[in-house]
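Since every read-out is calculated from the coordinates, none of them should be taken as a lab result. These numbers were taken from a predicted model, which means no experiment stands behind them. With ideal geometry, Cβ positions are generated from the backbone for all residues, glycine too; neighbour counts draw on all protein chains shown.
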Amino acid sequence: MIEIVEPNTRGVALAASLLRSGELVAIPTETVYGLAGNALDEGAVARIFAAKERPTFDPLIVHVADFEAQALGPGGIVDEARLDAASRALVQRLAEAFWPGPLTLVLPRSTRVSDLVTSGLDTVGVRVPAHPVARAVLEASGVPLAAPSANRFGRISPTRASHVVDELGDRIPMVLDGGASPVGVESTVVRVEGGGGLTLLRPGGVPAEAIEAVAGREMTRGSATPGPAGAPAPGMLESHYAPGRPLLLLPRPLGELDQRSLAPVLAQVPEGARLGVLLQGGSGDALREAERRLASLTGGPVRAWSLSASGDPAEGARALFTTLRELDAEVGEDGVLLAEPAEGDTGLRHAINDRLRRAAAPRGP
Ligand code: TXA
Ligand code: MG
């Protein structure tokens, strides 16, 4: 059974000692809660895949407290020699601008990292998290920590300790409770290519535009690189972040859709089903009005929630996964979720829309 532990000095020391002995601990980060294990201990890494029921073709991100000391140089997890001068300079600039923070850089791996961590790829994802509890645990354990989001594979990432309990409560010994994750969506994953090129593998907490401004060049976008043995591209699995109920994504914000353009989506809602609606903005009367409008079209009960009263994207990102979980519980067994996309596809709105699109993607058998 899982223990929920305060992240005070004692809690952090306890987490660090579990991690050093090869156990797993869920820790808060600024993006989402991570399921941490010693990245240099094959047994611990194997336990991460087992606890999440994660397929081994999907590689893990390795978190370090100090990039220079733990990732670069001899004994580091990155093979610096395989970075050309332009890429090395670029990594330096990105590290200075965005670390500690919600950026993951995919870099050439050294032999310190096992094939299990990287799914046999010759690169490793590296992140220096900003959350004080994550940093304290990294420092106290003294090892790099592999940490995917602390959810079962394919499900919504946890942004509170209670979500971790719901996902993995029967599988891991401990979660450090650091409250709600302040960013709310996962890190932006960027692969560093030769000659200082960059490929955006996953939009996330750091806006792609901010990375491009620092890099002084555009990133290649949305190109899903094939994984080993033709497996789905790492991080690019279509169905992901899925709530328990089916989620339908509107083609445009609700206010822009007339009855005719809503019809093809609402046709997928079973007669009389409870409908949970996720809006990007609005409060009070605006939500009640959306509920009335949709109820008149579906004939069933409708509950509308918004991510942020003012439609602020940072507030929206912070609320996204919690709200999806709450709506999911609210509509119950036979319910259906409906979500509107964020207007425009830049910054955190890009990350929000990416997660909604994946939550709406057809699910495997
Ligand atoms: O914000 C985050 O990144 C959180 C917190 C806990 O740090 N972690 C997280 O990990 O979201 P995870 O495993 O749920 O997502 C990491 C993504 C995966 O989709 C994986 O495929 C991709 O990063 N990734 C990791 N290593 C990679 C590599 N070497 N090449 C390409 N993609 C990689
Ligand atoms: Mg994940």
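Values as computed for the structure displayed
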read-out: Nearest-20 debye value, the chain charge dipole, Cβ charges on Lys, Arg, Asp, Glu; value: 300 debye
read-out: 222 nm mean residue ellipticity, helices alone, for the chain (DSSP H n ≥ 4; -39,500 (n - 2.57); rounded to 500); value: -10500 deg cm²/dmol
read-out: C-alpha long axis of helix 313-331 to longest principal axis of the chain, angle in °; value: 60 degrees
read-out: Contour excess over end-to-end distance, with Cα ends at R288 and A13 and 0.36 nm allotted per residue; value: 94.2 nm
read-out: Largest-first ellipsoid semi-axes for the chain, taking √(5λ) over the Cα gyration tensor eigenvalues, angstrom; value: 36, 23, 18
read-out: Sites matching GluC sites (Glu not before Pro) across segment 1-96 that sit in DSSP coil, with at most 14 neighbouring C-beta atoms within 10 Å; value: E53
read-out: Rounded to whole Hz, the Karplus (6.51, -1.76, 1.60) HN-Hα couplings of segment 46-54, x for glycine and proline; value: 4, 5, 4, 4, 5, 4, 7, 6, 8
read-out: Local electrostatic count, E333, Cβ distance below 10 Å [Lys/Arg +1, Asp/Glu -1]; value: +1
read-out: Max mean-square fluctuation residue, GNM over the chain, Cα-Cα springs under 10 Å, options V91, V277, V189; value: V91
read-out: L248 long-range amide H proximity, modeled H, under 5 Å; value: L337, L338, A339
read-out: Mean separation of Cα contacts under 8 Å (6+ apart) over length of the chain, as relative contact order %; value: 19 percent
read-out: Table column - 3J(HN,Hα) (Hz), segment 123-129, Karplus curve with 6.51, -1.76, 1.60, x for Gly and Pro; value: 10, 9, x, 10, 9, 10, x
read-out: GNM top mover of E330, E256, E167 - the chain, alpha-carbon springs below 10 Å; value: E256
read-out: Gaussian network model of the chain, springs between alpha carbon atoms under 10 Å - residue of A286, A342, A134 with greatest fluctuation; value: A286
read-out: Total formal charge among the other residues, if their Cβ is under 12 angstrom from that of K52, Lys/Arg +1 and Asp/Glu -1; value: +2
read-out: Peptide ranges 317-327, 257-267 listed from the most packed, as the mean C-beta count within 10 angstrom indicates; value: 317-327, 257-267
read-out: Amide hydrogen neighbours beyond the local backbone of T104, cut-off 5 Å, H modeled; value: T188, V189, V190
read-out: Segment 173-220, relative contact order [Cα under 8 Å, separation at least 6], %; value: 30 percent
read-out: Relative contact order (%) - segment 92-187, alpha-carbon pairs under 8 angstrom, separation at least six; value: 22 percent
read-out: Inter-probe distance in nm under a simple model that places probes 7 Å from Cα toward Cβ, at D115 and R363; value: 3.3 nm
read-out: Segment 86-96 - phi-based ³J(HN,Hα) in whole Hz, Karplus 6.51/-1.76/1.60, Gly and Pro as x; value: 5, 5, 4, 5, 5, 4, 4, 5, 5, 4, 5
read-out: Amide H contacts under 5 Å for A342, placed H, 5+ residues apart; value: N353
read-out: Cβ-defined net charge surrounding T322, 11 Å radius [Lys, Arg +1; Asp, Glu -1]; value: +1
